[in-house]
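The values are calculated or read from the model by the stated rules, or taken from the named source; none is laboratory data. All values reported here derive from a predicted model rather than from experimental measurement. Positions of Cβ are backbone-derived with ideal geometry, glycine not excepted, and every protein chain shown enters the neighbour counts. Areas reflect the complete protein model, heavy atoms only, side chains present, ligands, DNA and RNA absent. Shrake-Rupley method; radii C 1.70, N 1.55, O 1.52, S 1.80 Å.
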Amino acid sequence: MGYEIQVKDGWVNRGNLYRMKELMRRAEQGSRMTLVFLGGSITQGAVSTQYTNCYAYLVYDWFVKRFPKTAFTYVNAGVGGTTSQFGAARAQEDVLLYKPDFVIIEFSVNDENNDFYQETYEGLVRRIYGDAYEPAVLLVHNMFYDTGKSAEEKHRAIGAHYNLPSVSMKSSIYPKIASGTIPVREVTPDDLHPNTDGHALLAEVITDCLDRIYMQRWEDEASCAMPKPLTANGYANAKRYQNHNCLPVVSEGFTADTSLKKHVTDIFRCGWTASVEGARIVFQVEGTEIAVQYRKSVRLPAPVAIAVVDGDEADAVTLDANFDETWGDCLYIDTVARHIPPGIHHVEIRLNEAHEGDAVPFYLVSVIGSY
């Protein structure tokens, strides 16, 4: 490949390195450690030729080679087409359950660069960084290769607030793409997902940062206290209500899907299906923020439902299962209530449009309550 990028410009926020240095000092002595990579399709490894060529595995390989005395467990928790809102909701089951020593968080091309996703991103960062096992956290910011667009501005503000090390592909890779020095189609087929060569560039930026931290590992650094939230912070504590951990208050015409979830990317599991108009399911959900997660399908037509919170029909949210893309079914989240009073809320999902020729039933994956 041999592309020259502005790799030294990639480390955009030094952050407090206490946890990173402790991680490396322990790894130097020999231990057992778990590395978790949380993000969207780029973290999952989309369009790389095989899983060992994705940036996450290449970073894991850096740890393996740098610290031969330590046995590392690799956990790839990337799920394509998902945002930090879902990341915050699944942080416990897909990240913290493994008691990770090191976590990369990558959602800057999945989130929009707005206040809502700054709040969901803060909730995710706060949930992981504030865990009792005190993992070292590194924030990774990707971008669209044609425009440089990303949520990096809002995400970097969170990284700076929590004093976390952060790396940016917009600062290191994008300038060479924008100038034409690196032909864009040599590193991405669609201006979003890096190919195998693109993943190698991502890994180069991240491991350069890790190399520089490694050189400082024996220097003393004080730990950093958890700051007060920067945003309204409604997403630091979240629960997904699914058929394995809750019983609906009412279930009329909805059937629980009891098929086994085998992998983090096995996303349409543990929910409920319905196909008859008028079917309804009701939950008691705790939180100040409520969302409904369901399948948008490329197989058309599909049913349409509504979500009603606390009986307020005037503010009902439409849950349209028809997906107007071609890349595949989407695990979609609709926010149905924001910054409402804390406590238990009544959430009803009702099928109000079904067709005799529907290609698929309505699939309710989960209801998410957070605060």
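With θ taken as phi - 60° and the Karplus curve 6.51 cos²θ - 1.76 cosθ + 1.60 applied, the whole-hertz 3J(HN,Hα) list for the range 11-27 is 7, 8, 9, 4, x, 7, 9, 3, 5, 5, 5, 4, 4, 6, 5, 5, 5 Hz, x standing for glycine and proline. Rounded to the nearest Å, what's the spacing between the alpha carbon centres of the range 73-93 and the range 285-362? Just the number, please. Using only Cα atoms, the two centres lie 21 Å from each other.
Taking the average, over residues, of other Cβ atoms within 10 Å as the packing measure, peptides 64-77, 288-301 rank 288-301, 64-77 from highest down. Given a 1.4 Å probe and every protein chain left where it sits, what share in percent of the accessible area of the range 39-117 is carbon and sulfur? Heavy-atom surface of the range 39-117 belonging to carbon and sulfur, 1.4 Å probe: 47 percent. Can you work out the FRET efficiency for the pair residue 217 and residue 73, with r the C-beta to C-beta distance and R0 = 35 Å, to the nearest 0.05? Taking R0 as 35 Å, the efficiency between residue 217 and residue 73 is 0.95. One quarter of the convex hull surface built on the alpha carbon atoms of the range 108-249 amounts to 11.9 nm², the projected area averaged over directions. With 5 Å bins beginning at zero, the pair-distance distribution over Cα atoms of the range 158-222 amounts to 4, 14, 20, 20, 15, 12, 8, 4, 2 %. Among residues other than residue 22 with Cβ under 10 Å from its Cβ, the summed charge is +2 (Lys and Arg +1, Asp and Glu -1). Helical runs assigned H by DSSP (4 residues or longer) give the chain a calculated mean residue ellipticity at 222 nm of -7500 deg cm²/dmol, each run adding -39500 (n - 2.57) before division by the residue total. The portion of the accessible surface of the range 160-256 made up by carbon and sulfur, rounded to a whole percent, is 52 (1.4 Å probe; DNA, RNA and ligands excluded). Shown is the FRET efficiency for residue 161 and residue 31, computed with R0 = 30 Å from the Cβ-Cβ distance and rounded to the nearest 0.05: 0.50.
Note on the range 1-137: Cα-Cα pairs beyond 23 Å make up 37% of the total pair count.
The C-alpha atoms of the chain define a longest principal axis, and helix 152-161 lies at about 70 degrees to it. Ranked from largest, the principal axis spans of the Cα set of the chain equal 63, 44, 35 Å. Here the simple spin-label model places points 7 Å from the Cα toward Cβ, and for residue 314 and residue 249 these points are separated by 2.1 nm.
Note that the chain presents 41 Å² accessible area per residue, ligands and nucleic acids not counted, probe 1.4 Å. Phi-derived couplings, Karplus 6.51 cos²θ - 1.76 cosθ + 1.60 at θ = phi - 60°, listed residue by residue for the range 112-125: 7, 8, 9, 5, 4, 6, 5, 5, 5, 5, 4, x, 5, 4 Hz, with x used for Gly and Pro. Peptides 201-212, 325-336 ordered by packing proxy, namely the average of other Cβ atoms within 10 Å per residue, highest first: 201-212, 325-336. Within the range 240-361, the proportion of C-alpha pairs whose separation exceeds 22 Å stands at 34%. With both labels modelled 7 Å from their Cα along Cα-to-Cβ, the residue 299 to residue 226 distance reads 4.4 nm. The coefficient of translational diffusion for the range 168-300, derived via Stokes-Einstein from the alpha carbon Kirkwood radius under 4 °C and 1.567 mPa s, stands at 63 µm²/s.
Debye-formula intensities of the range 31-108, expressed as log10 I(q)/I(0) at q = 0.11, 0.21, 0.24 Å⁻¹, are -0.27, -0.91, -1.11 (one equal scatterer per alpha-carbon, no solvent).
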